[in-house]
Amino acid sequence: MPIGPLMVEHRLIEKMIKLMEKEVSRIRQTNTVNAAFIDVAVDFIQTYADRCHHGKEEDILFWELAKKNISTKHAEMMRELISEHNWGRKTTRELIAAKAAYVKGEGEVVGEIIDLMEQLASFYPIHIEKEDKHFFIPVMEYFSREEQDKMLWEMAEFDQQLIHEK
């Protein structure tokens, strides 16, 4: 099923979230920000979680679902998931800006950095659970085996193109 790779990707995203939670604890203890960690976390979120993972959801799965006569419940959930993806993008941009301010010497942004990292760390597990347990499996019923195979192939192609982009 095309949702298989998406669910596997969720497990890797969860690992990064755990690292972010540990980093928040360290920042609270030291009141210092490791700018390199923020850069790596942001790169992971933007490249893997958003561009790669959300890209496949939005550009392949959701695109194909939009062609189907799906239930009102599933259509609303899909809109909600897209809105959540957009929130994640916005919050990540805010984290980038806060980190840049910190690097320029604006130490008062430490609290903002903590808050933004905590927001992201709180967001992803709930978002992932919604997709894994309440959306992905039910929406597979809208697709034939052939349609699912085609999406799986498109996702593999998407990954190959992304590797070359990166």
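Structure summary
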read-out	value
Subset of the stretch 51-104 [surrounded by 16 or more Cβ atoms within 10 Å (Cβ to Cβ), small (Gly, Ala, Ser) and closer than 18 Å to Ile128 by Cα]	Gly55, Gly88
Test set (1) free of Cβ contacts under 8 Å to residues at least 60 places away in the same chain; (2) part of a helix (DSSP H, G or I); (3) over 30 Å from Glu157 (Cα atoms) - Ile113 fails condition number	(1)
Single condition Arg11 does not satisfy, out of (1) in a helix (DSSP H, G or I); (2) closer than 16 Å to Leu95 by Cβ	(2)
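We did not get these values from a lab; they are worked out from the coordinates using the rules stated. Note that the coordinates shown come from a computational prediction; the quantities given were computed from them, not determined experimentally. Don't worry about glycine lacking a Cβ; one is built from the backbone with ideal geometry, like all the others, and counts go over all protein chains shown.
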